[in-house]
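The values are calculated or read from the model by the stated rules, or taken from the named source; none is laboratory data. Given the structure is predicted, the values throughout are model-derived calculations rather than measurements. Glycine also receives a Cβ, built like all others from the backbone with ideal geometry; neighbour counts cover every protein chain displayed. Side chains are part of the model used for accessible areas, which takes the heavy atoms of the whole protein and leaves out ligands, DNA and RNA. Shrake-Rupley method; radii C 1.70, N 1.55, O 1.52, S 1.80 Å.
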Amino acid sequence: MARAYLDQVEDTAGRLGAYVRTTPALALAEAAAVDAARARGEPLGPLAGVPYGLKDSLVTAGVVTAAGSRILAGWVPPYDGAQVRRMRAAGAVLLGKLALDEFGMGAHGDLCVDVPEDRRGVVGGAHRGGDMWHVPRDMSQDASSARSEEPGARRPGQGAAAGVWPSGHVAEGSSNGAAGRGLDPRGHWPSGHAPGDSSRGAAGRGLDPRSHWPSGHAPGDSANGAAGPGRDPRSPWPSGHVHGDPARGAAGRGWTGPRNPWSSGHVPGGSSSGAAAAVAGRAAAVAVGSDTGGSIRVPAARCGLVGLRPTWGRVSRAGLVAFASSLDTVGPLARTVDDAARVLACLAGHDPEDSTSLRAPVPDYATMAARGRSDGLRGVTIGVDRAGLTGVEPAVAEAFAAALATLAGAGAAIVEVALPDPAQALTAYAALSAVEAVSNLARYDGVRFGLCVPKDSFAATAAATRGAGFGLEVKRRLVLGAWLQAHPDLQARARAARATATAGLAAALGGCDALASPTCAEAGVPIFLEDVPEDRQVAARTAADLAVDRFTVAASLAGLPALSLPCGLTAGAPALPIGLHLVGRRLAEGQLLAIAAAFEAATPWRALARGPGGCVMRCERSAAMRRGRSQMFAGPEVA
């Protein structure tokens, strides 16, 4: 089975772009260990032999972990994160590391700077020389040597003539290096970034007031694709997104991020973009991702998957490259509720290496999901804030209304509730996550690990390294966070807004078991081209990207469990998945999974687990999979 999945990873590498590096030697070794244990008659773990992918912000001993950033390129962690240890203890088989927006800061999957060499300089899904992409090289073959190499050890072939620091980093030319050139000595931030103009705000100027959707996207005709009838497919969207040209093939000019298996002209969602693309594209049975403001749930909705963000502290964050520690969580992406429940059961539980992990006992989530499927939703109350649905695209609104009818038909009572103002929650999230990011990313100074651009002082080295190593979106958030750190009054307002959102959700959940909404206001976002947008488009896109988390961010601020599962498809071609979002009480993941399983059993949307080509999902237990590659992998987007 591991070999069959590795074949599928290779076959889909050019179309999906889900993996930044693969570990076939490690996968086959772990699979062989499972086979040996089975042959000896030993008890097997709950995920024995299940091939999975890991978001590249979760550290792996001996395998490069770059978190989608140039500043960590080539960094080999000396230890496994808690999530890797638990998945290995459960018998799961690691296929490789999955692409993400840099440090988890992105809504679409287009901000991964850590692109393998064989995917650089790509136009229309091929090298400029015309050859198709190849799967990244096997990083696990270097695992033993990497583990023995001390951090800071000089690499072979590097010497003083190349400008090597004792850490082994190659010095870029100090007079004309990639960073530090033209640095304004008046810059206020230690990173060397110039402060942003706070007066322009998150949305900035240039947002088209005629746009109907809160995301800033122009309304699309669901029967005629995302761009709508008569729209030039190459024209900039009011949000600052540039619509891909379907005639250009896989992902449009310059796109190096993962692609949505349902439509190569649409993004897979972010920041767990590679995780969603891999699972939906049959290149992994399940995946482990992370969620700060919606980074598991949004990609799950875009790609027709089940994505679960657990209660903050339910799953250890030890080994997660931090973005915003009070918001970051780790959770599964899977094709069915059952699969998500089984993976969560393996990940959850107290971890002494994470002082914030909870000591609450872990229930049998799979049993709770099965009970929901068999017993239905009689006695369950689900709250809906209908006033908060304004501006939702018609196809999404129609699918959500049908989902509520299905929940009611399964026995649930649907009641009206008032939920926190999403604009206030989004603003609080943007502010607080940026402030926390400044603290968390301060460790990338060119001294301890990752990229180094040597200068004549520590401050200059740190500034030059960060200038060269961080992408534009990360820099934007760091500038915002640093500015906010100098304004404690604004931080206090953001914390108060977070408290208001938390209290609002608690009040709504006081009278119901779960809250329901669409996961995203729009069914899909087209891919963007490489053209450099104008300032007004950048500002508008920033607002649009933030608004993608409109329905997901309040649960993140409150630290509550939430999941997305498929509830429909758009009409016409391409058919794009639509997600149903459920929020539950603290530590009530089991109840959320039961509701989701009952909904899944009552709808045809479990067929989305078969993928865009109608492939059977449960390949980890399939005899056909044990025989090797099979027609189960077939599909128009992944074959």
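Here are a few things to note about the model shown:
- Of all the listed residues (Leu451, Leu441), the sole one being under 24 Å from the mean Cα position of the chain (by Cα), over 21 Å from Asp328 (Cβ atoms) and not hydroxyl-bearing (Ser, Thr, Tyr) is Leu451.
- Residue match in segment 32-44 (condition: under 24 Å from Ala277 (Cβ atoms), among the acidic types (Asp, Glu) and touching a helix residue (DSSP H, G or I) at 6+ places or on another chain (Cβ under 9 Å)): no
- Scope segment 371-417; condition open to solvent by 20 Å² or more (accessible area, probe 1.4 Å), more than 27 Å from Ala544 (Cα to Cα), of a type in the set (A, V, I, L, M, F, W, C) and not in a loop (DSSP other than H, G, I, E, B); matching residues: Ala405, Ala408, Ala413, Ile414, Val415
- Among the residues of segment 476-501, those that are charged (D, E, K, R) and surrounded by 20 or more Cβ atoms within 10 Å (Cβ to Cβ) comprise Arg477, Arg498.
- Screening Ala92 against (1) touching a residue at least 40 places away in the same chain (Cβ under 8 Å); (2) out of contact with any Ser or Thr (no Cβ under 9 Å at 6 or more places or on another chain); (3) open to solvent by 10 Å² or more (accessible area, probe 1.4 Å) leaves a single unmet condition, (3).
- Residue in segment 483-500 that is more than 25 Å from Asp291 (Cβ to Cβ), among the polar types (S, T, N, Q) and part of a helix (DSSP H, G or I) present: no
- Scanning segment 65-82 for residues being open to solvent by less than 10 Å² (accessible area, probe 1.4 Å) and touching a Gly at 6+ places or on another chain (Cβ under 6 Å) gives a total of 4.
- Test: residue in segment 449-462 that is under 26 Å from Gly106 (Cα atoms), part of a helix (DSSP H, G or I), of a type in the set (A, V, I, L, M, F, W, C) and touching a residue at least 40 places away in the same chain (Cβ under 8 Å): yes
- Members of segment 272-286 that are within 12 Å of the chain's Cα centre (by Cα) and either within 16 Å of Gly579 (Cβ to Cβ) or open to solvent by 10 Å² or more (accessible area, probe 1.4 Å) (or both): Ser272, Ser273, Ala275, Ala276, Ala277
- Residue check: Asp535 meets all listed conditions (1) touching a Gly at 6+ places or on another chain (Cβ under 6 Å); (2) at pLDDT below 95; (3) surrounded by fewer than 24 Cβ atoms within 10 Å (Cβ to Cβ) but one, namely (1).
- Test result for Ala25, part of a loop (DSSP other than H, G, I, E, B) and closer than 22 Å to Val286 by Cα: no
- Any hit, segment 426-444, residues being assigned to a loop (DSSP other than H, G, I, E, B) and open to solvent by less than 60 Å² (accessible area, probe 1.4 Å): yes
- Cross-chain or 6+ apart pairs with Cβ under 6 Å, segment 542-571 first and within 23 Å of Asp339 (Cα to Cα), then β-branched (Val, Ile, Thr) and open to solvent by 20 Å² or more (accessible area, probe 1.4 Å): none
- Within segment 287-318, restricting attention to residues that are of a type in the set (Val, Ile, Thr) and assigned to a loop (DSSP other than H, G, I, E, B), the residue that is surrounded by the fewest Cβ atoms within 10 Å (Cβ to Cβ) is Thr311.
- Segment 354-394, residues that are farther than 29 Å from Ala82 by Cα and of a type in the set (A, V, I, L, M): Leu377, Val380, Ile382, Val384, Ala387, Leu389, Val392
- Checked against the criterion of being at pLDDT 95 or above and either of a type in the set (Lys, Arg) or open to solvent by 30 Å² or more (accessible area, probe 1.4 Å) (or both), segment 100-110 has no qualifying residue.
- Any helices (runs of 4 or more DSSP H) falling wholly within segment 545-634 and containing at least 1 residues that are surrounded by fewer than 18 Cβ atoms within 10 Å (Cβ to Cβ) and at pLDDT 95 or above: 589-602
- Residue in segment 60-82 that is assigned to a strand (DSSP E or B) and aliphatic (A, V, I, L, M) present: yes
- Leading residue by the ranking (nearest to the chain's Cα centre (by Cα)) among those in segment 48-60 that are among the aliphatic types (A, V, I, L, M) and open to solvent by 10 Å² or more (accessible area, probe 1.4 Å): Val50
- Residue that is least open to solvent (accessible area, probe 1.4 Å) [pool: residues in segment 445-462 that are closer than 12 Å to Ile71 by Cα and out of contact with any helix residue (DSSP H, G or I) (no Cβ under 8 Å at 6 or more places or on another chain)]: Ala462
- Of the residues making up segment 502-517, those that are open to solvent by less than 10 Å² (accessible area, probe 1.4 Å) and touching a Ser or Thr at 6+ places or on another chain (Cβ under 9 Å) are Cys512, Ala514.
- Residue satisfying all of: in segment 570-593; among the hydrophobic types (A, V, I, L, M, F, W, C) and under 21 Å from the mean Cα position of the chain (by Cα); farthest from Gly383 (Cα to Cα) among these: Leu576
- The requirement of being more than 20 Å from Pro310 (Cα to Cα), open to solvent by less than 20 Å² (accessible area, probe 1.4 Å), modelled with pLDDT of 95 or more and of a type outside the set (Ser, Thr, Tyr) is fulfilled nowhere in segment 342-362; no residue meets it.
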